[in-house]
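*Asks:* For reference, the structure I am asking about is given below.
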């Protein structure tokens, strides 16, 4: 059984395997910025499965959570789009807590205050993470909760929630399949029990 190692501070967690200095997962929780996980490395190798702040979408950070239209306030583009700047709220992670490693499993909790453009607290988000390494594969489970500080209304939007930014390159292709049997474009934005997304990753075989 894999024995995980954890190096942690109030703002950052690194998960490592014995004898390897390259973290297989890094949780980022810098004050006054969105909390996110990047990089995530493939099991059994050093290829990176996530991407951070691509030029065309600089508000996307590996594995993260965001919402649009919370009382008309956006928690997605981080004020990085000129036409959205006055309508975007801000993220304020608290020190990481609940850090624990037990053989091949690691746990931690990140809580963040979400504030409106004037700095008023709207809600507190809590992410409880559990990472389990199985050798050739691993699981990353999230228990996600929101606690409202004021009355909130969530508008319907085309995207939002848990989001994974992968290092997609058009020339390499990729595929998305959902539980309804829809593939690629027909699967986009559709209700489904699950979605499987796969892309070729540079630095891997096959």
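*Asks:* Based on the mean of other Cβ atoms within 10 Å per residue, sort peptides 143-151, 82-90, 10-18 so the most packed one is first.
*Replies:* Top to bottom by mean Cβ count within 10 Å: 10-18, 82-90, 143-151.
*Asks:* Show me the ranking of peptides 152-165, 23-36 by mean Cβ neighbours inside 10 Å, starting with the highest.
*Replies:* 23-36, 152-165
*Asks:* Continuing with the same structure: Measuring from centroid to centroid over Cα atoms, what is the spacing of segment 141-194 and segment 1-74 in Å?
*Replies:* 18 Å
*Asks:* If you don't mind, another one. How do 108-118, 170-180 rank on mean C-beta neighbours within 10 Å, highest first?
*Replies:* 108-118, 170-180
*Asks:* Convex hull volume of the Cα atoms in segment 59-206, per residue, in Å³?
*Replies:* Value for segment 59-206: 163 Å³ per residue.
Read-outs: derived from the displayed coordinates by stated rules, not from any lab. Nothing here was measured: the structure is a model prediction, and the numbers come from that model. Ideal geometry is used to build each Cβ from the backbone, glycine not excepted, and the neighbour counts take in all protein chains shown.
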